[in-house]
Each structure stands twice: as structure tokens, then as C-alpha cells.
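These notes are about the structure you will find just below.
Values in this text are rule-based calculations from the coordinates and carry no lab data. Being a predicted model, the structure only gives us computed values, none of them experimental. All Cβ positions, even for glycine, are placed from backbone atoms using ideal geometry, and neighbour counts span all protein chains on display.
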Amino acid sequence: MQSILICGGGTAGWMTALYLSHLYNRVEHRVDIQLIESSAQPPVGVGEATVHGIRHFLQLLSINEAEFMQATDATFKLGIEFINWKKAQNGQTHSYWHPFDFQTPEVNGMDLAHCWLSQTHKVQDYAHSVSISPFLAKRGKAPKFVEMADYQAPIPYAYHFDAGKLAEYLKKLAVRRGVKHQVADITHVQVSTDATVKKITGIDTSIGRLTADMYFDCTGFRGMLMQALESNNQDNAENEWVDWSSELLCDRALAVQTQYPQGQAPALHTQAIAMNNGWRWRIGLQNRIGNGYVYSSQFCTEEQAAEELSQALNLPDNTEFKSLKMRIGHRKQSWLGNCCAIGLSSGFIEPLESTGIYLIEAGLRLFGEYAQSGNLPLIQQHYNRILNDIYADLKSFIVLHYILSDRDDSKFWRFWQTQRYRDPQLDAWLDLWQHKVIESSDFLAQKSVLFNQINYRFVVYGMGHLPQQPFVGVNPPAQQQLLAQMAAFCQQQPDRHPSQMQLLGL
Ligand SMILES: Cc1cc2nc3c(=O)[nH]c(=O)nc-3n(C[C@H](O)[C@H](O)[C@H](O)COP(=O)(O)OP(=O)(O)OC[C@H]3O[C@@H](n4cnc5c(N)ncnc54)[C@H](O)[C@@H]3O)c2cc1C
């Protein structure tokens, strides 16, 4: 392979450009990499919260952390707070956290979840009992210390950033590293006239015909290259799109940016606040807040969603929202012939756990591993299978958030209670977890474990789905002592951390 053409200059396109230039040209220039993007079709412009694996990706690409954070108005993210996903109880709004820390549940040979479950009267909710992140966030404290190296910290963290500024920053770096960039509109994708050969033979654009040995489709929901390839193989059932629109109801989003009220500092966590017909995000950057309502068009119109969001954010009547249609599902074959789809062109699961950018990274890393090998059909088959398993795993985890809700105050929430699609694996687990603690062994039969027992515990216990019988601990006094130590640590340790504002120099 001597040349690569990346089509699309959103987050996926520029992450792909940087990753491929790292993969092929780090030591010596081996492959010509070119990226084209349209002037008429802007990137989706959302996707501002991430998961903690992004740190390793940025580090792999030798990106300076402070420079990156400054260029993208980034803040630290310690997790997600879910608000209103259950009915209020005794006048108290329900909320729970899914933090990034607490990746190893054992402390002093004891599992903190066991300790928490064995408490007859729970002093704190699950996340506040086993994780320091909510405490750091509450006090505006950073997960790392000033003197720490890039991407290192005692507490795992991710970022919130400005999607537009991220693409600009990655573009500058990629061009500096030798990626050729051109503004060009794709008008037609040429594919092999032989329907048995899955091959793009050229891309017609506003600046002429472009060809390469390998193509990356980063054209977002349009998936222009993949669509052309697939339509050449209409009778081939393998090329189906896996449609999850009936399993995950939210298919639209409205986004709007707001300013901080005077004196309010950026939060260190994403908020996912349940609404009448979906949920809304609140993502605090250094200089502004990103908000968006992810809703189901089956249950409300755009006008109704806009009104509900306006009310929630106290916005003036004439506020303009960015309106987005989401195609929920994924391609069965994201790598087909000489084209690989990365980003929204490959697939999308709604952004409740901020996983869109993670999926870009996962697709690229997988390509990096597999592209080195020879037998292409076999390699592609495995690549696609692994990616499809990751999508399926993620979909189940997102569905979990909805089916544990007891809300019945709108048609949308009642639908989840009564008519929802039934995921046999999830239903089996939830039955099982009424009788036992969620453990790693429960996931052994899974093909992919993007989310494991640690993540499931935060959501399942956070939503109050606990074993019916009291959990009998092995050593109750020692377990209670450990919980007390943890509580003291969570109270005191934040004193030692610098504030986020201090660390960001704001
Ligand atoms: C409502 C919503 C919220 C989200 N929130 C999150 C989140 O919190 N966290 C997260 O990780 N992910 C999130 N995502 C996903 C995230 O936004 C995407 O994964 C990410 O932005 C990558 O998008 P992309 O680059 O694939 O597509 P796009 O940003 O749409 O880019 C497509 C590119 O293709 C180009 N293009 C299109 N047509 C042509 C043409 N004819 N010729 C040439 N070029 C063309 C465009 O110019 C553009 O450069 C969210 C997505 C949505 C819809």
C-alpha cells in the first residue's frame, strides 16, 4: 500500500489521519496520506465528552496534553452523573454516578461492592461509597497534580472539549506531520464494475478525480463511500445495516451552547438528565457549556423538544438549536474491500455513555493490528466481527440505563416499562443479579466486554437494582471498617488535589 485517501474532516477524519501517519510514517515516510473534506457539508459539530481511554490514544500520538487542552478549551471529566432516571423519592431527585475510577474493586483483599451490599442501612449510595470521583468533582478538584507527567494521574480521567476546535487542532498536527489536506466535494464514488469485486476505483470530486490504494470513509452519517460499495452488492445479505432504531428509541438531538452564570466554574463531570422523551447532556468546557436534548421522534416533535429544552435551560423564545438526525445501528462490514468506515459512517449508538469517539479509536486500533497481516478476506472478517461485538456490547449497556427506570410520567417512559424490546442477555442478568453480586464471571461468555462488572455495578446499583436477600459478608466488621476508611479517604484526599481552575491556569 502506497497511498491512502481519507474522505471527511470531522473528528473521525482527523483522528484517522493522525493515527495512520503514526502507523505508517512514524519512522520513515512509507505511505502518502491525503484527506479531503467538503466546504458545503460541515462536520456534525457535537461529540464533546469522552471516555478515559482517550488519554492513551492521545499519548500514542505524542500529543502534548497541556497544549491539547488549551487548544480545545478542554476540561477534565471524571465520569457521568445521571439525574432523574428514576422517580423522585421522598421529594428527593434521584441521581447516581458512573465514574472512571475504581477500576480494581479489591482493596485489602476485600471487594468494596461486597462491603457496601452487606451494609443493612446504606450510609451513602454505591458510587459515593466506592469512588472518590464524585467527591473531587463536587469540590472542583482536578484528578492529577501539577507536577505529574502528561496523561498520568492517580484517578483515571477523560476530557470534555470543543468538537470544532478539536478537529482544527488535529488538522494542524496532521498537516505538520505530512498529511496532505484539500477542500473538495465528493460528487461520485466510482466502484468496480465487477460486482464480485468490492473495490473503489476512484472518487470524483470538485477538484477532479482522486485515487488511492486504500480509502477511509469518514463522511459521517452519509457514509458515501460505503454506500457506493454496498449498492454494488445489493444482493449480498452480508452488507446489511444493523438497525437498532426499535431497541434504542432516541433518534434525534437538539444542541445549543450556553454561557456560565457569573462565577460558576466548569464541572468535572458530564450530566445526563432524563427528560420527558429522552435525556439531555450538560458538558462544561473552559469557556462555555454544551447542552443537547437526545429525544425520540416517535414520542415528540422537534418543536416540543425545543420547548422542553428551552424551559430546562431557561432560554429565550428565539433561541436557535442545531438539529440532528441520528441513525442508530452499524454497518455489518465496516471494512469492505479497499475501504474502511471510521466514525459515524461505521455506526452510532446514542451518546449516553460518550462512546462515539471511543468507537473511532477502537476501529483505528483494530485496523492498526489487523492491517499488518496478509490474508485480507480473513482479516476483514475478523475485524468486522470484533467491531460488531463491540457495538452489540455497547448497545446492551445503553439499553440497561432505560430498562431499570421506574418512570411512568410520559408515553416515552411508559413504553420502556411495557413495550420495550427485550434483550435476552440483559433480562437474564437482571434476574440473576436479584440473587447475587455482579461479578466478572458473569461476563465470561460475552464476546466483547467493553463494559464489565465494574461499569454494570455503577448503573445497576445506582438505579437501585440490588440482590433481594441481604448479602452476607465474609467478615462484616472488617468490611464495615474498610467502608469507613474509604469514606474518610474520600473526604480528606480532595484537600490535597489542586483545583481544576488552578491546573488549567484559569
Ligand atoms: C447528538 C450527538 C451527540 C454526540 N455526543 C458525543 C459525545 O458526547 N461523545 C462522543 O464520543 N461522541 C459523541 N457523538 C459522536 C461524535 O460526534 C462523532 O463520533 C464524531 O464527531 C465523529 O463524527 P464523524 O467525523 O464521523 O462525522 P462528521 O463530523 O459528520 O464529519 C463528516 C465529514 O465528512 C465530510 N463530508 C460529508 N459529505 C462530503 C462530501 N460530499 N464531500 C466531501 N466531504 C464530505 C464533511 O465535510 C465532514 O468533514 C455524538 C453524536 C451525536 C449525533
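Would you tally the net charge around Leu366, using a Cβ to Cβ cut-off of less than 12 Å, leaving Leu366 out, and scoring K and R as +1, D and E as -1? Don't skip to the answer; put the middle values down first.
Details: positive: Arg365, Arg385; negative: Glu361, Glu369, Asp389.
Charge balance in the 12 Å sphere: -1.
What number comes out for the charge environment of Phe221, summing +1 per Lys or Arg and -1 per Asp or Glu over other residues with Cβ under 9 Å away? It works out to a net charge of +3.
In debye, nearest 20, what is the charge dipole magnitude of the range 217-317 about its Cα centre with +1 on Lys and Arg Cβ and -1 on Asp and Glu Cβ, if you could check?
On the way: 5 positive and 13 negative charges, 153 e Å.
So the dipole magnitude of the range 217-317 works out to roughly 740 debye.
Here r is the Cβ-Cβ distance between Gln491 and Asp427 and R0 is 41 Å; the resulting FRET efficiency, rounded to 0.05, is 0.60. Stretched out straight at 0.36 nm per residue, the stretch from Arg177 to Ala40 would grow longer than its current Cα-Cα span by 46.7 nm.
Run through the DSSP bridge list for the range 1-146 and note the antiparallel percent, rounded to the nearest 5. Write down the numbers at each step before the final one.
Working: 8 of 13 bridges.
About 60 percent, rounded to the nearest 5.
Taken over the range 303-432, the alpha-carbon convex hull comes to 151 cubic angstrom per residue. The chymotrypsin sites (Phe, Trp or Tyr not before Pro) found in the range 93-199 that occupy coil by DSSP, while having at most 13 further C-beta atoms within 10 Å, are Phe145. Run through the DSSP bridge list for the chain and note the antiparallel percent, rounded to the nearest 5. Bridges in the chain are about 70 percent antiparallel.
For Ala158, neighbours were defined as the other residues whose beta-carbon sits under 10 Å from its Cβ, and their charges (Lys and Arg +1, Asp and Glu -1) total +2.
According to the calculation over all Cα-Cα pairs in the range 252-325, the P(r) per 5 Å bin from zero is 3, 16, 29, 24, 16, 8, 3, 0 %. For the chain, the longest principal axis of the Cα atoms and the long axis of helix 476-496 meet at an angle of about 60 degrees. Length gained on full extension, Met148 to Val242: 29.5 nm, using 0.36 nm per residue less the C-alpha separation. Give the angle, between 0 and 90 degrees and rounded to the nearest 10, that separates the Cα long axis of helix 11-25 from the longest principal axis of the Cα atoms of the chain. It is inclined by approximately 70 degrees.
Note down the Stokes-Einstein diffusion coefficient of the chain in µm²/s, whole number, using a Kirkwood radius over alpha carbon pairs, 4 °C, and 1.567 mPa s. Please list the in-between numbers first.
Working: Rh = 24.1 Å.
Reported coefficient: 54 µm²/s.
Please name which of Gln298, Gln286, Leu315 has its Cα lying farthest along the dipole of the range 252-325 towards the positive end, using unit charges on Cβ (Lys, Arg +1; Asp, Glu -1) and the Cα centre as origin. Positive-most Cα among the choices belongs to Gln286. Seen through its C-alpha gyration tensor, with square-root eigenvalues sorted a ≥ b ≥ c, the range 371-488 comes out oblate because a/c lies at 1.5 or above while a/b is not bigger than b/c. Among the trypsin sites (Lys or Arg not before Pro) in the range 266-315, those placed in a DSSP loop whose Cβ has at most 16 other Cβ atoms within 10 Å are Arg288. Helical runs (DSSP H, four residues minimum) scored at -39500 (n - 2.57) apiece and divided by the length of the chain put the mean residue ellipticity at 222 nm at -10500 deg cm²/dmol. The alpha-carbon of Lys77 sits under 15 angstrom from the alpha-carbons of these aspartates and glutamates, leaving out residues fewer than 8 places away in its chain: Glu48, Glu65, Asp101, Asp162, Glu353.
Taking label positions 7 Å along the Cα-Cβ direction at both Gln59 and Lys325, the computed distance is 4.2 nm, reported to one decimal. Could you work out the relative contact order of the range 252-325, using alpha carbon pairs under 8 angstrom and six or more residues apart, expressed as a whole percent? Value for the range 252-325: 38 percent.
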